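Trainee: Take a look at this one; I'll ask things after.
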Amino acid sequence: MKILIINGPNLNLLGTREPEVYGSESFESYFETLQNQFNTMQLSYYQSNIEGELISKLQEVGFTFDGIIINAGAYTHTSIGIADAIKAITTPVVEVHISNTFSRETFRHQSFISPHAKGVIIGFGLKSYELALQSF
């Protein structure tokens, strides 16, 4: 089973960015843990701070992979383009967020991705990705 994890803007700073919200572990370190834990899956990881690159990656793998896990970061609340890309592909997508977006600023309560996702996992820290992987 081929699964791609896509992280959006500022998630390259995990481990140093607001550790009280996002924790102190880098995603690269956590990704190694996921690869060991889900060793029967072929896991890939992609991160970009650029909206168009995220859309291009979704289109690139969205008809051939078995699943996509996306944390679009702030683009979750602003990008109709990413939402349209998810709607256009056939690979199931699970939306994840490390923090509980509903306990944060009001603008974070809206997701353009959620209506097109297989499911949404919010607020369980990095474990949100593990929970998403369990859904495939």
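The values are calculated or read from the model by the stated rules, or taken from the named source; none is laboratory data. Since the model is a prediction, treat every value here as computed from it, not as a measurement. Each accessible area value is taken on the protein alone, full model and side chains, heavy atoms only, with ligands, DNA and RNA left out. Shrake-Rupley method; radii C 1.70, N 1.55, O 1.52, S 1.80 Å.
Trainee: So I have (1) 43, 30, 28; (2) 37, 34, 24; (3) 51, 31, 29, and one of them is Cα extents along the principal axes in Å calculated from this model. Which one is it?
Mentor: After the calculation, the listed value that fits is (2).
Trainee: Rounded, prolate or oblate: which one fits region 1-60, using the alpha carbon gyration tensor with axes a ≥ b ≥ c (rounded when a/c is under 1.5, else prolate when a/b beats b/c, else oblate)?
Mentor: Values: a/c = 3.47, a/b = 1.08, b/c = 3.21.
Since a/c reaches 1.5 but b/c is at least a/b, the shape of region 1-60 is classed as oblate.
Trainee: Rounded to the nearest whole Å², what accessible area per residue is found for the chain with the 1.4 Å probe?
Mentor: Per residue, the chain has 48 Å² of solvent-accessible surface.
Trainee: Express as a percent, rounded to the nearest 5, the fraction of DSSP beta bridges in the chain (both residues included) that run antiparallel.
Mentor: Details: 0 of 18 bridges.
Here the share of antiparallel DSSP bridges comes out near 0 percent.
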